[in-house]
1. With just the Cα atoms defining each centre, how far is the stretch B:343-369 from the stretch A:73-146? Give it in Å.
2. For B:Leu148, enumerate residues with amide H under 5 Å from its amide H, sequence gap 5+ or separate chain, H modeled in the peptide plane.
3. Starting from the amide H of A:Glu316, placed 1.01 Å from N in the peptide plane, find each other amide H under 5 Å away whose residue is 5 or more places distant or on another chain.
4. Under the convention of a label 7 Å out along Cα→Cβ, give the distances in nm from A:Ala282 to the same position in every other copy, shortest first.
5. 7 Å along Cα→Cβ for the label point: how many nanometres lie between B:Asp118 and each equivalent label in the other copies, listed shortest first?
6. Show the residues, 5+ positions off or on another chain, whose built amide H is closer than 5 Å to the amide H of B:Gly111.
7. To the nearest 0.05, what FRET efficiency results for B:Thr120 and B:Gln300 with a Förster distance of 22 Å applied to their C-beta separation?
8. In µm²/s, what is D for the stretch B:166-250 at 10 °C and 1.306 mPa s, where D = kT/(6 pi eta Rh) by Stokes-Einstein and Rh is the Kirkwood radius from Cα pairs?
There are 2 protein chains.
Amino acid sequence: MAGLTGGDPSLLRRINSAVVLHALRATDCATLTEITRVTGLSRPTVEGVVEGLIEAGLVIEKAAEEGATRRQGRPARRFRFRAEAGHLLGLEIGPHRVAALLSDLDGRVLGAQAKDVDETADADERLERLRTAVAELLRRAGVARSSLRAVGVGTPGIVEADGRVRLGTALPEWTGLRLGERLSRSFKCPVLVENDANAAAVAEHWKGAATESDDMVMVMAGLSPGAGSLIGGRLHRGYGGAAGEIGALHLLGREVTPETLLSTTDEPLHPLDEQAVAEVFALARKGDARARAAEERFIQRLVHDVAALVLALDPELVVIGGWAAGLDGVLEPLRRELARYCLRPPRVALSVLGEAAVATGALRLALDHVEEQLFAVDGTVTARR
Amino acid sequence: MAGLTGGDPSLLRRINSAVVLHALRATDCATLTEITRVTGLSRPTVEGVVEGLIEAGLVIEKAAEEGATRRQGRPARRFRFRAEAGHLLGLEIGPHRVAALLSDLDGRVLGAQAKDVDETADADERLERLRTAVAELLRRAGVARSSLRAVGVGTPGIVEADGRVRLGTALPEWTGLRLGERLSRSFKCPVLVENDANAAAVAEHWKGAATESDDMVMVMAGLSPGAGSLIGGRLHRGYGGAAGEIGALHLLGREVTPETLLSTTDEPLHPLDEQAVAEVFALARKGDARARAAEERFIQRLVHDVAALVLALDPELVVIGGWAAGLDGVLEPLRRELARYCLRPPRVALSVLGEAAVATGALRLALDHVEEQLFAVDGTVTARR
């Protein structure tokens with residue numbers, strides 16, 4: 001871990017600092033001797049680094065904190081990482097709701113807040129709802145805004161690296177919106193914007209249906225279907241951030257849209273009316289013939305989209321999410337059809353995180369960012385913004 | 001580059017050796033002083049390593065070789081990498097032909113040999129044809145079989161990491177064939193088996209249409225269509241080696257096979273009759289109405305397959321290959337249709353390597369393997385097999 005010789009002394013100090021933080025974070029608390037042993041750094045180096053980390057508020061001496069009874073002789077001082085030294089937000093901005101998750105520097109969730117928002121709301125109104133949700137969440141948790149170290153955001157659309165929405169048809173005024181820049185006005189820390197399906201993929205991998213799989217596709221099986229994928233445990237965004245935007249495939253040839261497929265009348269459903277979709281699924285489960293036919297058509301379309309993703313990427317696992325309810329009925333038919341058409345059919349599982357997936361993934365992306373800054377020990381230490 | 005301290009001394013020696021080889025290979029020839037400067041190693045270390053490399057036959061002293069006239073005083077000894085110290089083969093095993101490429105350790109092609117083979121030939125016959133081609137190639141080039149360091153092979157089908165063909169419908173007896181093991185009997189060096197479209201992708205990236213693009217998809221637009229893709233310059237094989245096997249997509253829904261689409265009669269073409277395909281393309285170019293209609297149907301099908309790949313992966317570039325001739329007519333319609341259906345349309349280019357793509361990619365994979373053994377300096381040095 002350690003062992004960089006020569007070169008920039010401030011870089012070296014930063015790396016040593018990351019090494020010590022990394023070691024402390026992996027344990028409850030540790031003595032200087034233990035840190036020296038684990039990191040391979042010299043005792044004086046460890047002492048200097050720990051002193052600096054205490055000054056920065058990232059480490060605390062445990063005895064001092066707990067007032068532990070001291071045994072005879074000079075006791076061994078014990079130190080721990082202060083996960084409460086900073087906080088992170090994971091935000092979702094969707095068609096029907098905005099949501100926020102708050103965590104400490106260990107990613108432990110401290111609170112959540114969600115608000116409904118009208119699907120016709122313009123960008124200003126939608127962002128104002130989000131700001132209100134965040135303010136309420138911070139107040140309730142007793143966390144100061146200045147304590148935030150990074151904010152992750154998941155939202156529909158193709159998102160540029162600078163946080164601009166290149167294309168986003170699901171939300172009004174979304175295409176072209178400088179979302180990262182707009183949100184940055186509310187926060188002093190970095191704001192990282194990500195496509196919602198990508199964020200959901202990261203979330204299911206972190207604490208959902210895909211914790212055991214590094215090669216997975218997360219399908220948001222909504223009326224505007226999209227997908228996010230991890231390859232070797234890393235998010236695959238594509239060259240222009242558009243990977244997984246499989247929804248356009250139905251425009252080719254004679255296929256029709258999910259809105260038409262799922263309709264039980266001659267009129268298509270509204271593209272964002274997921275309530276109507278849930279009703280169709282519920283009716284189908286009760287045996288309604290038209291609803292069953294509609295569900296069948298929808299499943300065929302979903303099979304086609306998922307098959308295209310699976311054939312292109314060959315993931316180990318496909319996670320289906322994106323609906324509040326009603327999707328469990330699609331799993332069996334999906335598995336059966338994929339087994340027919342795919343040379344190596346993947347496992348298929350339902351999202352574990354459900355509604356919380358996008359905000360949870362956004363939180364994980366914020367945590368990744370902070371970890372890269374504080375704990376990167378693989379030679380590259382990202383400079384603080 | 002250098003600077004590993006402590007630890008296994010033989011590992012350190014191997015790393016230093018790789019560092020010196022790496023430096024020598026990047027230049028025509030170099031003095032010990034130059035090597036010392038470039039590598040950051042000490043003079044005695046460089047001297048020891050160079051001596052060892054000379055003994056191993058990988059490095060030679062240039063003056064000794066050329067008998068150069070020595071100037072007054074002690075001349076600076078110059079050393080060069082011996083690319084001729086070992087050789088590599090890139091092999092293609094296809095439905096209609098087998099092909100072999102021979103190179104030195106710098107990847108410089110020294111000779112090529114191809115042989116037609118009947119599409120109905122069984123595995124034994126096909127491999128025998130390949131062995132004959134290889135034997136002729138080595139004899140013609142005057143290269144001993146014992147000089148081979150690695151052999152790459154590209155062939156249709158899903159190929160396991162151990163060289164077994166898990167599924168290969170294009171060639172008789174191919175599914176289940178332990179191809180790597182079979183070929184290993186003819187060679188003492190490692191044999192690396194790869195899917196043909198994957199090999200072609202690597203080839204176009206190395207010296208074809210994709211030298212400027214690390215995020216590309218190579219579409220083998222044959223009657224059994226398949227694709228290989230590079231993500232961030234690395235081959236994306238998928239979890240089970242089946243990535244890009246997009247051919248099954250047409251089995252879904254109402255779509256029909258290329259054999260039907262391209263037929264100008266009511267009878268479908270034979271799945272492997274690429275000559276018939278070339279004739280249809282040629283007829284279409286002459287203005288034949290039925291051939292034009294057939295070509296049009298085929299292009300629509302190709303657009304759908306390519307769109308599925310592009311939407312899933314979002315590559316920067318799509319390279320179309322897999323036919324000997326006739327494909328240039330599909331580029332414009334493909335570009336036009338992708339621009340309609342893809343959120344971020346990729347560039348579309350024709351294969352530069354054509355027929356040579358698969359064997360060239362197989363050669364590059366063999367070269368990668370040897371480079372990993374000889375020149376890996378990023379901390380991990382793969383042990384020699």
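1. The two parts, judged by their Cα centres, are 47 Å apart.
2. Under 5 Å from the amide H of B:Leu148: B:His87.
3. A:Asp215, A:Met216, B:Tyr239
4. Relative to the other copies, A:Ala282 has label-point distances of 6.5 nm.
5. Its label point is 7.5 nm from the equivalent points in the other copies.
6. Counting only residues 5 or more places away or on other chains, the set is B:Leu102.
7. The calculated FRET efficiency here is 0.10.
8. My calculation gives 113 µm²/s for D.
Computed from the coordinates by the stated procedures, all read-outs in this text should not be read as laboratory data. In this text the structure is predicted, and so the values were computed from the model without any measurement. Positions of Cβ are backbone-derived with ideal geometry, glycine not excepted, and every protein chain shown enters the neighbour counts.
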